[in-house]
1. Being charged (D, E, K, R), open to solvent by less than 20 Å² (accessible area, probe 1.4 Å) and not assigned by TED's automatic domain parsing to the domain that holds C:GLU77 is the requirement here; does C:LYS223 meet it?
2. Exactly one of (1) farther than 23 Å from C:PRO166 by Cβ; (2) outside any helix (DSSP H, G or I) is unmet by B:VAL92. Its number?
3. Which one of C:ARG79, C:ARG59, C:ARG19 is in contact (Cβ under 8 Å) with a residue 40 or more places away in the chain and farther than 27 Å from C:CYS217 by Cα?
4. Exactly one of these conditions fails for C:ARG132: (1) in a loop (DSSP other than H, G, I, E, B); (2) in contact (Cβ under 8 Å) with a residue 24 or more places away in the chain. Give me its number.
5. Quick one: which of C:ALA238, C:ALA202, C:ALA230, C:ALA195 is open to solvent by 10 Å² or more (accessible area, probe 1.4 Å), small (Gly, Ala, Ser) and more than 16 Å from ligand 2 (Cβ to nearest atom)?
6. Which numbered condition trips up B:ALA94, out of (1) touching a residue at least 24 places away in the same chain (Cβ under 8 Å); (2) more than 9 Å from chain A (Cβ to nearest Cβ); (3) open to solvent by 30 Å² or more (accessible area, probe 1.4 Å)?
7. Can we say C:GLY44 is within 16 Å of ligand 1 (Cβ to nearest atom), open to solvent by less than 30 Å² (accessible area, probe 1.4 Å) and in contact (Cβ under 8 Å) with a residue 40 or more places away in the chain?
Amino acid sequence: MNTPDPRRPYVRPMAGWWRRNPFFVEYMVHEATALFVAAYALVLLVGLLRLAQGEAAWNGWLDALRSPVALVFHVVLLAAFVYHCWTWFRIMPKTMPPLVIRGKRVAPGVITACGVAATVVCSLVVLVVAWGATR
Amino acid sequence: MKPIPRRSNAPVFWGLFGAGGMLAALFGPVLVFMTGIAVPLGFILPSDAMSWAHMQAFAQHWAGKGLLFVVVALFMWHAMHRILHSLHDLGVHAGAALKIACYGLALLVSIVAAWVLLALGF
Amino acid sequence: MADTSDTGKRMRIEVLRYRPEQDAEPFLQGYDVPYSDDMSVLQGLQYIKDWLDGTLSFRWSCRMAICGSCGMMIDGEPRLACKTFLRDFPAGSVRVEALAHFPIERDLVIRMDDFLAKLESIKPYIIPKEARSLAQGEYLQTPAELDVYEQFSSCINCLLCYAACPQYGLNPDFVGPGIMALLHRYNADSRDGGASARMEVAGSEAGVFNCTAVGYCSEVCPKHVDPANAVNQNKTRAAGDYFLRLVTGKGGAK
Ligand code: SF4
Ligand code: FES
């Protein structure tokens with residue numbers, strides 16, 4: 001459109017949109033968990049590099065993980081991952097085709113609960129396997 | 001109506017985002033707990049669970065390699081896709097340069113992870 | 001008009017005004033409206049227009065949540081004005097603005113040209129999978145086949161979901177939730193064979209991958225259409241189509 005519209009429709013600005021509604025604030029918070037997921041991927045990548053550099057480097061990395069700063073950081077990471085998990089499964093009923101079991105649609109809350117339950121099961125399995133392998 | 005725009009290449013990145021997000025939801029919390037809390041404190045898991053010998057053995061096994069690679073790479077692809085969209089949400093719109101920066105970082109992390117894991121030998 | 005003379009209750013209705021021939025930009029104008037518990041926000045606006053200020057413009061028709069004309073931002077949320085009641089604002093004031101993310105034509109009236117053009121682009125009608133002659137009789141459908149798309153056919157084109165969708169606000173090229181609900185309504189119909197033609201829109205750069213699963217569109221939909229579900233089911237379909245095309249060289253969009 002090159003000629004200005006004589007009806008002069010008014011287009012409102014989008015700046016600051018996410019602060020206008022609590023629903024959007026929560027959305028931005030759960031999107032921000034990505035920063036923590038990236039941070040954890042980088043922590044692991046550094047660990048891999050240290051592992052390749054030899055035993056002394058690896059033990060240095062393990063020591064670094066034991067520092068209070070690292071521990072607090074991982075508690076924050078854990079909170080972010082748990083929140084990611086909850087919000088991931090909370091939206092899942094909206095993102096998948098309807099699940100029909102015995103002629104009835106499975107309720108959204110049930111799908112979310114199954115997702116969270118799957119995380120609990122996976123977590124326990126990983127913990128038990130790791131415990132068994134390193135005991 | 002404007003002519004229909006080009007077909008989107010998003011499925012590739014969306015697929016990686018989804019796979020990484022699912023992995024992070026199912027296994028992220030327990031992995032962070034193990035590597036960042038339980039092992040450093042010797043709590044639940046023995047404090048030598050991630051000893052040099054254990055981790056060498058784990059990273060030299062093909063299955064261990066695969067798991068480590070998938071976790072590091074997919075977490076990164078998931079995160080960078082989401083960060084790219086969050087920047088768009090904040091008004092920083094994704095031009096080619098920003099896309100290359102975000103997905104490029106994920107690709108770089110994947111390549112480094114693969115290279116290190118191969119260098120660790122079998 | 002409801003008899004409001006004896007209740008003594010008054011509501012302060014703040015309306016975002018914009019008269020393009022005289023205002024550089026929109027501004028809030030407040031009106032004191034007597035009301036009773038059975039009055040909707042739409043009736044409040046009608047009171048203003050009838051008794052206080054005849055220049056106020058807004059759209060409405062059915063006043064029973066079925067025509068989809070009276071969508072507006074009510075205290076910042078996309079709502080149908082005829083389905084929202086003044087009694088639910090106990091603080092005694094309510095702010096009413098034109099639907100977010102659309103250009104304002106005048107006062108509470110938005111411009112929906114973009115929506116209508118997109119609606120046409122997705123071929124919102126059944127494209128029969130197989131041609132049948134009259135003699136062959138009607139296209140039959142089981143209740144289970146109906147159930148797959150029925151909720152998506154309840155859309156009343158009220159645009160609340162668009163006002164709830166920041167991705168549409170940020171990029172008006174995005175086809176958006178309501179259109180995707182309608183697209184899915186036809187794609188998911190067992191009698192329809194037009195899915196690959198519609199994939200040109202769904203899988204395009206203006207298509208489903210603009211969605212970041214905010215999910216607010218489905219929260220505000222007055223007809224429980226769940227447009228977010230339509231968008232996201234079609235992400236899976238568009239991705240499938242994309243990878244299939246890589247393998248076979250065929251597929252919907254170019
Ligand atoms: S999907 Fe719901 S909110 Fe969107 S236009 Fe249709 S009825 Fe309105
Ligand atoms: S007047 Fe028809 S939906 Fe409100």
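The values are calculated or read from the model by the stated rules, or taken from the named source; none is laboratory data. The model shown is predicted, which means the values in this text are computed figures rather than measured ones. Every residue, glycine among them, receives a Cβ derived from its backbone with ideal geometry; neighbour counts consider all protein chains shown. Keep in mind that these areas ignore ligands, DNA and RNA; they rest on the heavy atoms of the full protein, side chains included. Shrake-Rupley method; radii C 1.70, N 1.55, O 1.52, S 1.80 Å.
1. Working: charged (D, E, K, R): yes; open to solvent by less than 20 Å² (accessible area, probe 1.4 Å): no; not assigned by TED's automatic domain parsing to the domain that holds C:GLU77: yes.
Here the answer is no, as C:LYS223 does not meet what is asked.
2. Single failed check for B:VAL92: (1).
3. On the way: C:ARG79 fails: farther than 27 Å from C:CYS217 by Cα; C:ARG59 fails: farther than 27 Å from C:CYS217 by Cα.
Among C:ARG79, C:ARG59, C:ARG19, only C:ARG19 is in contact (Cβ under 8 Å) with a residue 40 or more places away in the chain and farther than 27 Å from C:CYS217 by Cα.
4. C:ARG132 satisfies all of (1) in a loop (DSSP other than H, G, I, E, B); (2) in contact (Cβ under 8 Å) with a residue 24 or more places away in the chain except (2).
5. Numbers: C:ALA238 fails: open to solvent by 10 Å² or more (accessible area, probe 1.4 Å); C:ALA202 fails: open to solvent by 10 Å² or more (accessible area, probe 1.4 Å); C:ALA230 fails: open to solvent by 10 Å² or more (accessible area, probe 1.4 Å).
So the residue among C:ALA238, C:ALA202, C:ALA230, C:ALA195 that is open to solvent by 10 Å² or more (accessible area, probe 1.4 Å), small (Gly, Ala, Ser) and more than 16 Å from ligand 2 (Cβ to nearest atom) is C:ALA195.
6. That leaves (1) as the condition not met.
7. Details: within 16 Å of ligand 1 (Cβ to nearest atom): no; open to solvent by less than 30 Å² (accessible area, probe 1.4 Å): yes; in contact (Cβ under 8 Å) with a residue 40 or more places away in the chain: yes.
No: the conditions fail for C:GLY44.
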